[in-house]
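K.L.:
If you scroll down you'll find the structure; I have some questions about it.
The values are calculated or read from the model by the stated rules, or taken from the named source; none is laboratory data. From a predicted model like this one, the values you see are computed outputs, not experimental measurements. Cβ placement follows ideal geometry from the backbone for every residue including glycine, while neighbour counts extend to all protein chains displayed. Heavy atoms of the whole protein, side chains included, go into the accessibility calculation; ligands, DNA and RNA do not. Shrake-Rupley method; radii C 1.70, N 1.55, O 1.52, S 1.80 Å.
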Amino acid sequence: MIRFETVAELVKLAEEKAVPLSEIVIQSEAENTQQSRFAVLATMGAQWQVMKEAIQRGVTNRERSVSGLTGGDAAKLFIRQKEGGYLGSAALATAAYAVGVSEVNAAMGRIVACPTAGSCGIVPAVLYTAMKQGAEENAIIQALFTAAGVGMIIEANASISGAAGGCQAECGSAAGMAAAALVELGGGSPEAAAHGAALAIKNLLGLVCDPVAGLVEVPCVKRNGFGAVHAMLAADMALSGVRSVIPVDEVIEAMDHIGRLLPCSLKETAAGGLAVSETAKAITRKIYGEENLA
């Protein structure tokens, strides 16, 4: 039986078998679900299709969410990337993809929660950029298992819930998942993929969850854009040979500890942070009405 509870164990298994991290996760999933490898890959392929559709919808429409708080920013970014921008077209396009998926989610569209709806744009965005730069879709589908494996380990040893651990548990986890997948796509070793995840997660430690009006829109949607670009940088660092001084499993442990220390007001309750700014309170009153806030 294939079992791993930490990233270190996952890396060790991959190194022993001389395969990428994704292969271990695929074998584990096939074993646990009693499905064939083909069936497991087909399921992930269907998820990838949903991700692509969300990106394509997100960067082309200007549909507003029911609250009116979000919508259309991905299209603005996508236009900006065609003009070059300051960051370069790849970074801007990735941000547009991530914001677009998150806007689709806010508008009640179909997305893949990876690992959550609040952080749904990060993993698809970086892999879609990789596809645009020549990565084969079969390789991308396989790399999604690397992302999934890292996410499973985080969920088991910390949290992927903003309500439990703050946004570090959502966008931080997604960035780590995306970075690991991108390192694998870039030809990095299992160890390098682990370092990519560590670099991404540790620099988002402490990120609070403070949704305005309690909705997964502000600041969540734009955080997806920042998180995706963050993941790309972490992956390039790891592929360049940069290593995280703190191993990824210890980073995950630290994220769990920080999440437990965060006050409830900063964990998806809309009772702290940006959610209690004067503008946010005015938005909340406008959405729900004064009488409903008494």
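K.L.:
If a residue has to be open to solvent by less than 40 Å² (accessible area, probe 1.4 Å) and either in a helix (DSSP H, G or I) or in contact (Cβ under 8 Å) with a residue 60 or more places away in the chain (or both) to count, how many in segment 274-294 make the cut?
P.N.:
To start, the set of residues in segment 274-294 that are open to solvent by less than 40 Å² (accessible area, probe 1.4 Å) comprises 275, 280, 284, 289.
From what's left, either in a helix (DSSP H, G or I) or in contact (Cβ under 8 Å) with a residue 60 or more places away in the chain (or both): 275, 280, 284.
Of the residues in segment 274-294, 3 are open to solvent by less than 40 Å² (accessible area, probe 1.4 Å) and either in a helix (DSSP H, G or I) or in contact (Cβ under 8 Å) with a residue 60 or more places away in the chain (or both).
K.L.:
Being touching a helix residue (DSSP H, G or I) at 6+ places or on another chain (Cβ under 6 Å), within 22 Å of residue 175 (Cα to Cα), open to solvent by 20 Å² or more (accessible area, probe 1.4 Å) and free of Cβ contacts under 8 Å to residues at least 24 places away in the same chain is the filter here; which residues of segment 73-95 pass it?
P.N.:
Result: 78, 81, 89.
K.L.:
Taking the conditions exactly as written (open to solvent by less than 20 Å² (accessible area, probe 1.4 Å), at pLDDT 95 or above, among the aliphatic types (A, V, I, L, M) and outside any loop (DSSP other than H, G, I, E, B)), does residue 192 satisfy them or not? Don't jump to the end; show me each part of the working.
P.N.:
Values: open to solvent by less than 20 Å² (accessible area, probe 1.4 Å): yes; at pLDDT 95 or above: yes; among the aliphatic types (A, V, I, L, M): yes; outside any loop (DSSP other than H, G, I, E, B): yes.
For residue 192, the condition - open to solvent by less than 20 Å² (accessible area, probe 1.4 Å), at pLDDT 95 or above, among the aliphatic types (A, V, I, L, M) and outside any loop (DSSP other than H, G, I, E, B) - is met.
K.L.:
Does residue 251 count as of a type in the set (A, V, I, L, M), under 18 Å from the mean Cα position of the chain (by Cα) and open to solvent by 40 Å² or more (accessible area, probe 1.4 Å)? Steps first, please.
P.N.:
Values: of a type in the set (A, V, I, L, M): yes; under 18 Å from the mean Cα position of the chain (by Cα): yes; open to solvent by 40 Å² or more (accessible area, probe 1.4 Å): no.
For residue 251, the condition - of a type in the set (A, V, I, L, M), under 18 Å from the mean Cα position of the chain (by Cα) and open to solvent by 40 Å² or more (accessible area, probe 1.4 Å) - is not met.
K.L.:
Looking at the structure I just gave you, is residue 231 farther than 19 Å from residue 179 by Cβ and surrounded by 15 or more Cβ atoms within 10 Å (Cβ to Cβ)? Spell out the reasoning first.
P.N.:
Numbers: farther than 19 Å from residue 179 by Cβ: no; surrounded by 15 or more Cβ atoms within 10 Å (Cβ to Cβ): yes.
It is false that residue 231 is farther than 19 Å from residue 179 by Cβ and surrounded by 15 or more Cβ atoms within 10 Å (Cβ to Cβ).
K.L.:
A further question follows. Taking the residues in segment 97-111 that are open to solvent by 20 Å² or more (accessible area, probe 1.4 Å) and in contact with a Cys (Cβ under 9 Å, 6 or more places away or on another chain) as candidates, determine which candidate is nearest to residue 166 (Cα to Cα).
P.N.:
105
K.L.:
Another one. Answer with yes or no whether residue 233 is in a loop (DSSP other than H, G, I, E, B), within 30 Å of residue 4 (Cβ to Cβ) and either under 20 Å from the mean Cα position of the chain (by Cα) or among the aliphatic types (A, V, I, L, M) (or both).
P.N.:
no
K.L.:
Tell me the residue from 63, 53 that is open to solvent by 70 Å² or more (accessible area, probe 1.4 Å), within 17 Å of residue 224 (Cβ to Cβ) and at pLDDT 95 or above, please.
P.N.:
Details: 63 fails: at pLDDT 95 or above.
Among 63, 53, only 53 is open to solvent by 70 Å² or more (accessible area, probe 1.4 Å), within 17 Å of residue 224 (Cβ to Cβ) and at pLDDT 95 or above.
K.L.:
With a cut-off of at least 2 residues that are of a type outside the set (D, E, K, R) and surrounded by fewer than 22 Cβ atoms within 10 Å (Cβ to Cβ), name the helices (runs of 4 or more DSSP H) lying wholly within segment 128-188.
P.N.:
In segment 128-188, 137-157, 162-165 are the helices (runs of 4 or more DSSP H) which contain 2 or more residues that are of a type outside the set (D, E, K, R) and surrounded by fewer than 22 Cβ atoms within 10 Å (Cβ to Cβ).
K.L.:
I'm told residue 113 meets every condition in (1) among the small types (Gly, Ala, Ser); (2) in contact (Cβ under 8 Å) with a residue 40 or more places away in the chain; (3) not in a helix (DSSP H, G or I) except one. Can you identify the failing condition by its number?
P.N.:
Tallying (1) among the small types (Gly, Ala, Ser); (2) in contact (Cβ under 8 Å) with a residue 40 or more places away in the chain; (3) not in a helix (DSSP H, G or I), residue 113 fails exactly one: (2).
K.L.:
Any residue at all in segment 282-294 that's modelled with pLDDT of 95 or more and acidic (Asp, Glu)?
P.N.:
Checking segment 282-294: not a single residue is modelled with pLDDT of 95 or more and acidic (Asp, Glu).
K.L.:
Kindly indicate whether residue 239 is open to solvent by less than 40 Å² (accessible area, probe 1.4 Å), touching a Gly at 6+ places or on another chain (Cβ under 9 Å) and within 24 Å of residue 192 (Cα to Cα). Before you say what the answer is, go through the steps one by one.
P.N.:
On the way: open to solvent by less than 40 Å² (accessible area, probe 1.4 Å): no; touching a Gly at 6+ places or on another chain (Cβ under 9 Å): yes; within 24 Å of residue 192 (Cα to Cα): yes.
Here the answer is no, as residue 239 does not meet what is asked.
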